[in-house]
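Here is the structure we will look at, set down as structure tokens.
FYI, it's all coordinate maths here, none of it is from the lab. What you see is a predicted model, and the numbers here were worked out from it, not measured in a lab. Cβ: placed from backbone, ideal geometry, glycine included. Neighbour counts: every protein chain shown.
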């Protein structure tokens, strides 16, 4: 089995689950027992990072941009995850998920974001996508997902409505040429 940690999953048109329609997911952990990823292109309409920090009583020492918190997936929607560049690290809390891509899921990084000790680039999500043993591999075999290497603008950019098309473009695929039903060669 290939380790998919750090790869992007791009939902195919016929994925069959409306929660993942046109999703781009960064795989943050992958093993024989499970897979975990974060949806990178579904902003929560009613929640920005400054609003979330206020709800959590985290004082902001700096003016933060009104970036949206992303809906990272349907599992653990009360848990936050921050994907960020390598210039922030918290022992025991930060894990590497790819080349210059790290994930931290503690309030320490939220305090760093609010105080100017933040990483150069970051993306905040609530919730995650999870798969049980062999489930993601089965979905890949059923042509539910395409895979791509991550690109900084996809992971950290704010053009959320364009990320699906942009990620397909990284593979040289025009979304207009995709079919709802897949085949195999």
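Quick rundown of the values:
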item: Filtered residues of the range 23-51 (kept if assigned to a loop (DSSP other than H, G, I, E, B) and surrounded by 17 or more Cβ atoms within 10 Å (Cβ to Cβ)); result: 23, 40, 41, 42
item: Residues that are in contact (Cβ under 8 Å) with a residue 60 or more places away in the chain and either farther than 17 Å from residue 19 by Cβ or touching a helix residue (DSSP H, G or I) at 6+ places or on another chain (Cβ under 8 Å) (or both), drawn from the range 35-52; result: 35, 39, 40, 41, 42, 43, 47, 49, 52
item: Filter result (over 17 Å from residue 127 (Cβ atoms) and touching a strand residue (DSSP E or B) at 6+ places or on another chain (Cβ under 9 Å)) within the range 23-66; result: 30, 64, 65, 66
item: From the options 176, 159, residue that is surrounded by fewer than 13 Cβ atoms within 10 Å (Cβ to Cβ), without any contact (Cβ under 8 Å) to a residue 12 or more places away in the chain, within 24 Å of residue 102 (Cβ to Cβ) and out of contact with any strand residue (DSSP E or B) (no Cβ under 6 Å at 6 or more places or on another chain); result: 159
item: Residue 5, sole failed condition from (1) in contact with a strand residue (DSSP E or B) (Cβ under 8 Å, 6 or more places away or on another chain); (2) farther than 14 Å from residue 122 by Cα; (3) assigned to a strand (DSSP E or B); result: (3)
item: Filter result (in contact with a helix residue (DSSP H, G or I) (Cβ under 8 Å, 6 or more places away or on another chain) and either free of Cβ contacts under 8 Å to residues at least 40 places away in the same chain or closer than 24 Å to residue 130 by Cα (or both)) within the range 53-72; result: 65, 66, 68, 69, 70
item: Hits in the range 111-140 - residues which are in contact with a strand residue (DSSP E or B) (Cβ under 7 Å, 6 or more places away or on another chain) and surrounded by fewer than 20 Cβ atoms within 10 Å (Cβ to Cβ); result: 121, 126, 130, 131
item: Qualifying residue in the range 60-67 (condition: surrounded by 14 or more Cβ atoms within 10 Å (Cβ to Cβ) and outside any loop (DSSP other than H, G, I, E, B)); result: no
